[in-house]
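A short reminder: the numbers here are calculations on the coordinates, not readings from a lab. Remember, it's a predicted structure, so these values are computed and weren't measured experimentally. So basically every Cβ, Gly included, is an ideal-geometry build from the backbone, and we count neighbours across all protein chains shown.
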Amino acid sequence: MKNLVVLGSTGSIGTQTLDVVRANPDLFHVSVLVANRSDELLEQQINEFQPEVAVLSDKEAAQHLKNRYSGKTKIYGGREAVIEAAVYPEADTVVTSLMGFAGLEPTMAALEAHKDIALANKETLVVAGELVMAKAKEMGCAILPVDSEHCALFQCLQGNDRKAVEKLILTASGGPFRGKKAHELTNVTKADVLAHPTWNMGQKITVDSASLVNKGLEVIEARWLYDVSYDQIQVVVHPQSIVHSMVQYVDGTVMAQLGCTDMRLPIQYALTYPERVESKFPRVDFAKLAHLTFQEPDMETFRGLKLAFEAGRTGGTLPCIMNGANEVAVEAFLKGQAGFLQIYELIEAAMEAGKVEYKPSLEQLLEADKWARQFTREKLAKL
Ligand code: MG
């Protein structure tokens with residue numbers, strides 16, 4: 001029986017993690033649930049999973065829940081309570097599905113407390129890959145990827161010599177705007193962006209998928225998870241999203257992992273590894289699959305990918321600056337305060353103006369993130 005902390009339990013990955021727990025009651029116990037401010041959904045989850053502790057990072061929402069809840073679960077509110085939750089003594093594994101930069105501190109705290117991480121929060125590795133991987137190594141903790149591409153790479157690497165890896169091939173669906181040119185993207189709306197063709201995900205990641213920023217963040221995530229150089233990472237567009245990623249070896253062999261587009265599969269694998277357990281998730285029906293296609297990504301139109309390669313190659317605090325600017329820009333886009341293409345402009349402006357610090361400490365990363373957000377908000381005000 002594995003005791004879990006689920007950070008971000010009311011989000012897309014969080015609810016799907018609880019689906020996996022529900023289907024495998026003999027394997028998992030939920031010790032702690034953490035959400036941001038969705039107190040009603042959290043209350044339902046508390047009633048169903050009976051965790052020892054539940055946390056809402058929004059103190060007001062926590063107070064609302066406390067006022068009406070009378071069960072056994074202890075309820076806390078606030079940012080410090082989220083960090084406390086991540087180091088819950090009885091927990092074995094922390095599922096980190098908080099959104100964005102906010103996932104970094106709880107993840108570092110969990111590693112410090114010897115917890116294994118089921119990592120859904122890719123921004124943690126984007127902004128602090130070097131620091132986080134070193135901490136995991138020092139503490140002897142596993143970081144098991146939940147991101148479908150990285151879970152695929154992880155599976156394709158099993159049983160093979162890491163030194164024989166030639167390159168990692170990340171697949172991208174291309175999102176809802178695949179094949180479009182910049183002039184066709186000027187006036188796209190939130191609704192256009194959120195109509196993702198193959199994956200059903202949270203809003204922020206869906207915008208990131210449309211801009212290919214998500215794939216860029218995943219390139220940086222893969223660099224740190226598998227200790228390869230950026231020259232060893234290739235992105236190919238694969239609109240059917242059946243091949244989740246591939247590893248090419250020095251003899252020319254390519255290993256691929258295939259499956260339906262269902263996040264519960266990588267979540268379950270991260271939680272049961274090294275075991276592979278039965279599931280009722282949909283199966284790929286090869287007889288009905290007409291074709292699987294692959295093509296070069298259009299990095300001129302979808303500059304998010306190019307910018308991430310640039311930020312990753314420069315290193316230091318630049319990926320953190322890129323990420324901070326993107327988080328603010330995406331939020332503005334979702335609120336109708338910025339156009340889709342302005343997301344790129346805002347990221348570029350921050351990357352150009354930001355001062356890069358190399359080998360950053362956690363404090364320097366927090367500082368860089370704060371600077372990038374402030375800078376991007378100021379730019380936004382002038383749009
Ligand atoms: Mg992914």
Total charge dipole magnitude, region 149-298, about the Cα centre, Cβ charges on Lys, Arg, Asp, Glu only, Debye to nearest 20: 340
For region 181-327, what relative contact order do you get, as a whole percent, if you take Cα pairs closer than 8 Å and at least 6 residues apart? 28
Rounded to the nearest 500, what is the 222 nm mean residue ellipticity of the chain from helices alone, with -39500 (n - 2.57) per DSSP H run of 4+ residues and division by all residues? -14500 deg cm²/dmol
Cβ-placed point charges (K, R +1; D, E -1), dipole of region 315-383 about Cα centre in debye, nearest 20: 140
Projected onto the charge dipole of region 149-298 (+1 at Lys/Arg Cβ, -1 at Asp/Glu Cβ, origin at the Cα centre), which of T293, L258, W199 gives the Cα projection farthest towards the positive end? W199
Return F340, F294 ranked ascending by Cβ neighbour count within 10 Å, so the fewest neighbours appear first. F294, F340
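Over the chain, what relative contact order in percent results from Cα pairs under 8 Å that are six or more residues apart? It would help to have the intermediate numbers written out before the result.
Values: 699 pairs, mean separation 55.7, N = 383.
Normalised by residue count, the contact order of the chain is 15 percent.
By per-residue mean of other Cβ atoms within 10 Å, what is the highest-first order of 56-64, 227-235?
On the way: 56-64: 18.1, 227-235: 15.4.
Highest mean packing first, the order is 56-64, 227-235.
Checking the table K335/K379; K115/K135; K181/K306; K215/K306; K335/K382; K355/K382 against a 19 Å threshold on Cα-Cα, which pairs fail?
Working: K335/K379 16 Å; K115/K135 11 Å; K181/K306 16 Å; K215/K306 10 Å; K335/K382 16 Å; K355/K382 22 Å.
Over 19 Å apart, Cα to Cα: K355/K382.
Any idea what the dipole of the chain comes to, in debye rounded to 20, about its Cα centre with Lys/Arg Cβ at +1 and Asp/Glu Cβ at -1? List each step's numbers first, then the result.
Details: 39 positive and 49 negative charges, 104 e Å.
Charge dipole, the chain, about its Cα centre: 500 debye, nearest 20.
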May I ask you to compute the full-extension gain from S279 to V254, defined as 0.36 nm times their residue separation minus their alpha-carbon distance, rounded to one decimal in nm? 6.4 nm
Selection from M133, A210, L4 lying farthest towards where the dipole of the chain points positive, charges on Cβ: A210
Highest-MSF residue in the chain out of F177, F309, F286 [GNM, Cα springs under 10 Å]: F286
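Determine the percent antiparallel among the DSSP beta bridges restricted to region 149-298, to the nearest 5.
Working: 11 of 16 bridges.
Bridges in region 149-298 that DSSP calls antiparallel: roughly 70 percent.
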Cβ-based charge dipole, the chain, positive-most Cα from A86, F333, Q248: F333
May I ask you to sort K382, K190 by Cβ crowding, counting other Cβ atoms within 10 Å and putting the fewest first? K382, K190
Whole Å is fine, so just give me how far the alpha carbon centre of region 120-197 lies from that of region 300-344. 15
If you take the square roots of the eigenvalues of the alpha-carbon gyration tensor of the chain and sort them as a ≥ b ≥ c, do you get rounded (a/c under 1.5), prolate (a/b over b/c) or oblate? rounded
Could you tell me how far the Cα centroid of region 248-277 sits from the Cα centroid of region 77-105, in Å? 26
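Output the antiparallel fraction of DSSP beta bridges having both residues in the chain, as a percent to the nearest 5.
Details: 11 of 41 bridges.
Percentage antiparallel, nearest 5: 25.
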When only C-alpha pairs under 8 Å and at least 6 residues apart count, what is the relative contact order of region 167-252, in percent? 56
